[in-house]
Structure formats: C-alpha cells, structure tokens
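Inspection log for the structure reproduced underneath, given as structure tokens.
The values are calculated or read from the model by the stated rules, or taken from the named source; none is laboratory data. Bear in mind that the values here come from a model prediction, so they are computed numbers and not experimental data. For neighbour counting, all protein chains shown are included, and Cβ atoms are generated from backbone atoms with ideal geometry for every residue, glycine included.
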Amino acid sequence: MSTIVAISTAPGIGGIGIVRMSGKECFDILKKIFRPINNSSEKGYTIKYGKIYDEDNLVDEVLVSYFFAPKSYTTENMCEINSHGGMVVMQKILDLCIKNGAELAEPGEFTKRAFLNGRIDLTQAEAVIDVINSKTSKEAEASIGQLEGNLSKRIEEIRKDLIEGMANIEVSIDYPEYDVEEVTNEELLNILEKSEKKLNKLENAFINGKILKEGIKTAIIGVPNVGKSSLLNLLLNEERAIVTEVEGTTRDTIEEFISVKGIPFKIIDTAGIRDTEDTVEKIGVKKSMEIAKKSDLIIAIFDTSRPLTEEDEKIVEFIKDRNAIIVLNKIDIINKDFEKESFYKLNKKIILVSTKTGEGIEDLFDAIYDQVSNDEIKTDGEMLVINTRHKALIIKARESLKKAVEAIKSGMPIDIVSIYIKGILEELGKITGETVTDDIIKEIFSRFCLGK
C-alpha cells in the first residue's frame, strides 16, 4: 500500500492543526521535512519537538507523534504532525509530504486501512463516523459502545452457534451410516431458536438506536397565535421563528434539534390549524396535520387568555388517542372563563407556561423527557443498533433462519437446511465485514471525512 497523508483537523483557524501520515515510507518522508531538536532515535508512542522545513525555509514549529507498525491506528507506520492551526501552515505541510512521496488520502482511508488490516471490523469502522456525527451525549455513548465492539460480540456469539450447527450437519452428511440426522435436527432447532431470540433482540434495539440517531419527532400544534413559534424559540433558546401578533405568520414547518438530558428531539413548528380561504395557508394547515399524525410526540398548545374555540376543540379531539403533552400558554394573563379543568379528563401531562416570561419551560423539558425515558433508552450495558444497514441485514438473517426452521420441521434433507444456515452466516458476515463486497466497503467509507 502507498503512504497516505491528509489534514485531520477541521478547516479553519485553531490553536493546533494535525497532518496525519500512514504507510511504509511514512518515516522516510518525515525525515526529509522534519528536523527534530533532539536527534535521538525514534520510538513508538513518543512525541518529538522540532521544525518543518521546505529545503532551508522554515515552515513551522511542530510536535510529531510516532506510531510504529503494528501498534498504530492503521497498523502501519504512522505519524501525526501537530502544527499551529490555520489552513496556510497545514496546507504547506501537506504539500511537502505529497512532494516527498506521499499520496493524498481518500475520505476515511485511515479507518479503511484499519479495517482492511484487521485491527477493527466493519461495525467498529462505521461507529467511528457515528461518534463524529453524534448530536447528543447518549448517541455518542451508544456509538462508542459499538466502537468498543459491543455489536460485533453479539454477532459473533450467534455466528459461533450457527457454525457449530453447520459442523454437525457436515458430520451427518459425511457419515450417513451413523444415522445421526434426527439428533442433528434437534440440536439445530435448539441453536436456531436461541439465535432467533438474539436476532429479535438486536432488531428491537434498532428502535431505541434510531431515536438516539434521528431524534424523537415532536410536532408543536395549535390554532394561530397561541404561541407555537414563541415556544419553539424558548425551547431552542434562540430567535429561530418569526413571532408577531398577526395570525397565520407560520405557513410552513420549521425543524430544529434539541437535546433533553442526552436524548435528541426533532422539534417541528407547524402552521396554525384553522379553517381558512387563503390558498397558501390552507396548504400549510394540511401539512401540519400530516406531520402531527406521523409524529412520535405532539405538543398541543392552547391560549389561556381567552375561552376555547371550536378549532381548539378539534385539536383536543385529535390528540385524545395520541402521545401528547398539553401546554396551556399565557398563564400570566389567564382568562377567568378559560376551562382549564376540561383538559384533565384527557389523562395527558399538562404544563402551564408563559412564553412571554419563560415560566414553566423547565417543567416542559421534564415532561418531554418523561414521555420517552421510562428507562427504555439505555446505553450502559445495552446493545443499541443505530445503523440502518445493520438492521436490514439482521432482518434478512432472521428470514433465512425462519426458512431453516421450516425446512427442519417439514422433514427436508439436511443439506437443504445447511443452505439456509449458510445464508444466515452470510448476512451476519456482511455486518462485521467478513462477507461484504468491495462496493459496500467503498460506499461506507465514502461517507467519512478526509483525515479519518
């Protein structure tokens, strides 16, 4: 493999910047541009202070970290040049490395080499990008667990049992005179039933993993001018939505993420729900209802400064059988004729707020979290599948498993059963990378950033 190099830190100005290089010629290239203050021999896991030169022209003062094969991120000879931050200096160092024999790395190529060289499997490689892209602490925690090999271990447990079952099949096929097929079938059914439970658990884990990755889809609904946009701004702690006294200001949806105690929520501010003749507003209202129907959670907001309207009543009816929080707004100017008690019949969480003063917002944050926590979303000690590719392969493996069970129960020849079991092993192998194609590998690593 060629020696590759890339800038590993994000573009822009910073205290330090890192240029990473990996490959057989790594240290030979480094010697051409780096002059250490101390000329002692290099050792792995050490840092040397010195200067980068372009021939005799000083480029920068740097610290260079040394990693010798196979004890490095890629398992190859590897170094990281820590320079001052700023694109000009880092680009100059990058150009010098390329000038002296290195090649510019492709996106994710360092991690790809770690995978190809056997230091990590494919689930761990994918976890790297998930850690980088994490939006909340819980998502990062789940991704780090996968990086540590949590999913790989579960997959390997299932594969180990199935491979043991395949060995029994081979014995049955190779030595038919011993008539062990019946015993083999019983053992296989036990293995398959145990594997099915484990696969079901992994598939179910995707629901929580999806929540951590994509967020709880939460729609704010209400009639015009009840404070939906003001509530969104308070939840985000910024002026994201336009707030005026004119009804129908919000005609399209506004979507933003917030993190509540580590759980991401995708908050959607919708158009005010009412009967209208305005063509554009009518489209917005229709869209609001469609989003509300598909949401995981609804925040229904009502104006306590006036009696309930017929349109308010329609919203009350709409949320009856849905996962919803009721927000009673404008409690700083509450109307004596407002029928607050009628909401308690819905058996929903009711939060009193003032979007003008901010009163009650912390209570709303607690209520939002309580709607989805219930100790269901865990990362410590729990396996969360947060990758859509993994879920699809788990489903395929489970389908092959069901066919294997049906084949045994219907008395089909043992070699037919083995075809289905091989199918399970192949799908599971695609998760960890043992049976994955080059096209899939290329597609996965194309999502990485340069330098990782």
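Remarks
- Among the criteria (1) surrounded by 19 or more Cβ atoms within 10 Å (Cβ to Cβ); (2) within 18 Å of Val372 (Cβ to Cβ); (3) at pLDDT 85 or above, the one Leu328 does not fulfil is (2).
- Every test in (1) touching a residue at least 60 places away in the same chain (Cβ under 8 Å); (2) under 20 Å from Thr309 (Cα atoms); (3) over 32 Å from the mean Cα position of the chain (by Cα) is passed by Asn335 save one, and that test is (1).
- Screening Gly101 against (1) in the same structural domain as Ile81 (by TED's automatic domain parsing); (2) in a helix (DSSP H, G or I) leaves a single unmet condition, (2).
- Considering Leu151, Leu96, the condition of being assigned to a helix (DSSP H, G or I), at pLDDT 95 or above and surrounded by 20 or more Cβ atoms within 10 Å (Cβ to Cβ) is satisfied by Leu96 alone.
- Every listed requirement among (1) assigned by TED's automatic domain parsing to the domain that holds Leu192; (2) surrounded by 15 or more Cβ atoms within 10 Å (Cβ to Cβ); (3) at pLDDT 90 or above is met by Lys160 save one, (2).
- Check on Ala397, assigned to a helix (DSSP H, G or I), at pLDDT 85 or above and touching a helix residue (DSSP H, G or I) at 6+ places or on another chain (Cβ under 8 Å): yes
- Scanning segment 215-237 finds one or more residues that are surrounded by fewer than 16 Cβ atoms within 10 Å (Cβ to Cβ), at pLDDT below 85 and assigned to a loop (DSSP other than H, G, I, E, B).
- All conditions but one from (1) closer than 22 Å to Cys449 by Cβ; (2) touching a residue at least 60 places away in the same chain (Cβ under 8 Å) apply to Met78; the one that does not is (2).
- Criterion: of a type in the set (D, E, K, R), assigned by TED's automatic domain parsing to the domain that holds Phe302 and outside any loop (DSSP other than H, G, I, E, B) - qualifying residue of Asp337, Asp363: Asp363
- Filter pass, Ser195 being part of a helix (DSSP H, G or I), modelled with pLDDT of 90 or more and farther than 23 Å from Ile120 by Cα: yes
- Note on segment 1-48: residues that are in contact (Cβ under 8 Å) with a residue 40 or more places away in the chain, hydrophobic (A, V, I, L, M, F, W, C), under 16 Å from Ser65 (Cβ atoms) and assigned to a strand (DSSP E or B) total 8.
- Test: Pro264 is in the same structural domain as Gly358 (by TED's automatic domain parsing), exposed (fewer than 14 other Cβ atoms within 10 Å of the Cβ) and either at pLDDT 80 or above or part of a helix (DSSP H, G or I) (or both): no
- A Cβ distance below 8 Å, combined with a sequence gap of six or more or placement on separate chains, defines the contacts here; from segment 106-132, residues that are more than 16 Å from Ile431 (Cβ to Cβ) and in the same structural domain as Ser152 (by TED's automatic domain parsing) reach residues that are surrounded by fewer than 18 Cβ atoms within 10 Å (Cβ to Cβ) and among the β-branched types (Val, Ile, Thr) in the pairs Val131/Ile144.
- Looking across segment 62-82 at every residue that is assigned to a loop (DSSP other than H, G, I, E, B) and of a type in the set (Phe, Trp, Tyr), the one that is farthest from Gly108 (Cα to Cα) is identified as Phe68.
- Pairs, first under 12 Å from Thr184 (Cα atoms) in segment 405-418, second among the small types (Gly, Ala, Ser), C-beta under 8 Å, six or more apart: Ile414/Ser172; Val417/Ala404; Val417/Ala407
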